[in-house]
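The values are calculated or read from the model by the stated rules, or taken from the named source; none is laboratory data. Everything quoted here is computed from the prediction, not taken from an experiment. Reconstructed Cβ throughout: ideal geometry from the backbone, glycine too, with neighbour counts over all protein chains shown. Please note that ligands, DNA and RNA were not included when accessible areas were found on the heavy atoms of the full protein model with its side chains. Shrake-Rupley method; radii C 1.70, N 1.55, O 1.52, S 1.80 Å.
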Amino acid sequence: MSKKYEASGVSVERGYETVKRIKKHIKSTHNLGVMSDIGSFGGLFDLGKYHLKHPILVSGTDGVGTKLLIAQEANKHDTVGIDLVAMCVNDIITTGARPLFFLDYVALGYTDPNKMEDIVKGISQGCVLAGAALIGGETAEMPDMYQKDHYDLAGYVTGVVDKDDMVSNEGMKEGQIIVGLSSSGIHSNGYSLVRKIFFKDHNYQLGDYIDELSSTLQDELLKPTKIYVKGVLELISKVKVHGIAHITGGGFIENIPRAFKTGYSFSINKMAVPVKPIFKLMQSLGNIDEDEMYNIFNMGIGMVVVIEEKDVSETLSILNQYDYEPCVIGKVIHSEQWELIS
């Protein structure tokens with residue numbers, strides 16, 4: 001034990017205890033390509049096990065944002081790890097890439113092995129849902145940077161797709177159909193505004209039961225981000241998909257165009273969007289214009305896919321096997337300007 005390091009506020013022993021506790025969770029994520037166990041200086045992964053003709057690696061990195069402040073206030077840490085994985089893997093599957101491995105970074109003011117186990121348990125659960133192996137990470141105890149009970153999370157994922165199977169918008173054309181996949185709730189974006197509405201502008205408490213939500217505010221705000229990997233990968237193996245967008249910060253208006261080719265945009269029928277009660281409540285409390293809501297939040301749709309009209313029935317059938325509640329919400333238009341119609 002390092003007494004000098006302990007005196008500075010950093011505990012090597014608590015770090016050892018944390019590693020001991022999280023090993024079983026990490027092992028649950030191992031997949032075909034894993035070569036190294038936790039504790040190595042670098043995570044090893046054998047891409048050759050996947051026997052791809054022309055492998056293209058796709059990488060993404062993200063965090064959870066100020067949703068972490070809700071988790072810290074609630075002292076509930078076993079779901080934000082799912083959010084961390086989801087924000088990364090949902091980005092890379094827009095290319096058709098299968099997530100292979102994940103790395104995490106946890107920065108905190110005090111290493112509590114119980115809290116760290118909960119965080120890594122959630123990360124491991126997210127990795128299992130995404131089919132990705134958790135092959136490494138870093139825990140940085142920095143008492144002069146963070147308050148004792150505060151922490152931040154960052155994640156990194158690498159996936160792979162055969163070049164011939166990549167999702168491309170080259171075949172996109174007017175009249176193609178936009179199918180929305182339901183979100184679990186707010187997911188992990190816009191929480192600075194969420195917290196302002198409920199806790200700064202109004203006097204809500206996390207434990208308050210909200211009739212409109214049929215739950216406590218805490219349970220609603222800490223719902224983990226939905227992971228779409230398995231259903232989307234099945235869909236693109238069976239149906240020609242011309243574009244996929246992950247609806248994150250910036251809502252529909254910023255994210256859907258990222259999947260579209262130049263000269264094309266989207267027409268969304270707001271009446272077809274299954275807007276969840278949490279968004280209606282925030283719009284009312286915050287006195288927010290409806291179009292602005294669509295430019296901030298996912299409004300109940302966490303991902304969209306663009307398909308041919310002839311494939312609608314098969315697409316809905318495939319995605320209905322998962323917890324996605326798919327629905328047709330719009331179409332592709334030959335225009336530079338998007339439309340939100342009622």
**Message:** Would you confirm, using the coordinates I've provided, whether Y156 is open to solvent by 10 Å² or more (accessible area, probe 1.4 Å), of a type in the set (F, W, Y), touching a helix residue (DSSP H, G or I) at 6+ places or on another chain (Cβ under 8 Å) and not in a strand (DSSP E or B)?
**Reply:** no
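Of all residues in region 299-335, count the ones that are of a type in the set (S, T, Y) and either surrounded by fewer than 16 Cβ atoms within 10 Å (Cβ to Cβ) or free of Cβ contacts under 8 Å to residues at least 12 places away in the same chain (or both).
At the first step, the residues of region 299-335 found to be of a type in the set (S, T, Y) are 313, 315, 317, 322, 324, 335.
This time we only want the ones that are either surrounded by fewer than 16 Cβ atoms within 10 Å (Cβ to Cβ) or free of Cβ contacts under 8 Å to residues at least 12 places away in the same chain (or both), so: 313, 317, 335.
Residues in region 299-335 being of a type in the set (S, T, Y) and either surrounded by fewer than 16 Cβ atoms within 10 Å (Cβ to Cβ) or free of Cβ contacts under 8 Å to residues at least 12 places away in the same chain (or both): 3 in total.
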**Prompt:** From F252, F266, which residue is assigned to a helix (DSSP H, G or I) and among the aromatic types (F, W, Y)?
**Reply:** F252
**Asked** Do we have any residue at all in region 274-286 that's open to solvent by 10 Å² or more (accessible area, probe 1.4 Å), free of Cβ contacts under 8 Å to residues at least 24 places away in the same chain and either hydroxyl-bearing (S, T, Y) or in contact with a Lys or Arg (Cβ under 7 Å, 6 or more places away or on another chain) (or both)?
**Response** yes
**Request:** Return the total of residues in region 97-114 being open to solvent by 10 Å² or more (accessible area, probe 1.4 Å) and over 23 Å from I186 (Cβ atoms).
**Result:** 8
**Request:** Mind telling me which of the residues N287, N295 ends up being modelled with pLDDT of 95 or more, within 19 Å of the chain's Cα centre (by Cα) and not hydroxyl-bearing (S, T, Y)?
**Result:** N295
**Request:** Just one of (1) within 26 Å of I123 (Cβ to Cβ); (2) crowded, with 17+ Cβ neighbours inside 10 Å trips up T216, so point out which.
**Result:** (2)
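Quick one: would you say L193 is outside any loop (DSSP other than H, G, I, E, B), farther than 20 Å from G300 by Cβ and either touching a residue at least 12 places away in the same chain (Cβ under 8 Å) or over 22 Å from the mean Cα position of the chain (by Cα) (or both)?
Judged against the criteria, L193 is not a match.
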**Asked** With respect to the numbered conditions (1) buried (at least 16 other Cβ atoms within 10 Å of the Cβ); (2) modelled with pLDDT of 95 or more, which one is the sole condition not fulfilled by W338?
**Response** (2)
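If you go through region 293-342, how many residues are of a type outside the set (V, I, T), assigned to a loop (DSSP other than H, G, I, E, B) and out of contact with any Phe, Trp or Tyr (no Cβ under 9 Å at 6 or more places or on another chain)?
Qualifying residue count for the region: 8.
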**Message:** Tally up the residues in region 138-147 that are open to solvent by 50 Å² or more (accessible area, probe 1.4 Å) and modelled with pLDDT of 90 or more, please.
**Reply:** 6
**Prompt:** Counting only residues that are surrounded by fewer than 22 Cβ atoms within 10 Å (Cβ to Cβ) and not basic (K, R), which one in region 119-135 is farthest from P55 (Cα to Cα)?
**Reply:** Q125
**Prompt:** Taking L222, is it surrounded by 16 or more Cβ atoms within 10 Å (Cβ to Cβ), over 29 Å from T315 (Cα atoms), within 18 Å of the chain's Cα centre (by Cα) and modelled with pLDDT of 95 or more?
**Reply:** yes
**Asked** Is it true that some residue in region 27-43 is open to solvent by 20 Å² or more (accessible area, probe 1.4 Å) and modelled with pLDDT of 95 or more?
**Response** no
